[in-house]
Amino acid sequence: MICNSMLRTGRFDRTIQLNKPTEEGRYEILSHCIRGMKIAPSHRQHLLKHVAKHTHGFIGSDLDHLCTEAGLRAIREQFLHAMDENEDDADYVDPTSMDTSIPIDLDDLCTPSHLSTVFITVEHFDAALKDVKPSSTRGFAEEITPVAWDEIGGSATLKQTLIETISHPL
């Protein structure tokens, strides 16, 4: 989005409009974004189709952010699982503890063996979609212009019925 004053004659020789990607375009973008991410090969196509279908209005950077957030959620889930396994240990310290003087060794909780079992699923993407919103809708607010009854044209009986139905109960 560019300020209208920037689009006046003589400012730019050409303007190029880039539309938001279609579902097929989002599928292609997502396939590039998830390269290197651990997704079960049998679920890869389903995941791509599902996420592409549910990300209307997302552009490339939004999809990249969504993939990053889904990956972080998968790692966080594995981290919590590793903490649950270590809860029975005598030296276990709750990382949410308010006492910051107690050292917490995160290397013991997130070892390569733990991280090797992390797989990103559709559920991680669905959870990330609750927080990641398309940038094209940021700052968008719809303004509703107030309309008086005398500005509405048409049938007088229909108008009277609407007034009785809507206004009088209030």
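Structure data summary
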read-out	value
Rg over Rh, two decimals, region 1-74 (C-alpha only, Kirkwood Rh)	1.16
Spacing of the two label points (7 Å from each Cα toward its C-beta) at residue 18 and residue 131, in nm	2.6 nm
Dipole moment magnitude, nearest 20 debye, region 1-42 about Cα centre, only Lys, Arg, Asp, Glu C-beta charged	200 debye
All lysines inside 16 Å of residue 20 as judged from Cα atoms, apart from same-chain residues fewer than 8 positions distant	53, 133
Cross-link reach list, lysines versus residue 38, counting only Cα pairs under 18 Å and skipping chain neighbours closer than eight places	49
Residue (of 39, 7, 29) at the positive-pole extreme of region 1-50, dipole from beta-carbon charges	39
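Laboratory data are not the source of any read-out in this text; all were calculated from the coordinates shown. Because the structure is a prediction, the values reported are computed rather than measured. Cβ atoms come from the backbone with ideal geometry, glycine included; neighbour counts cover every protein chain shown.
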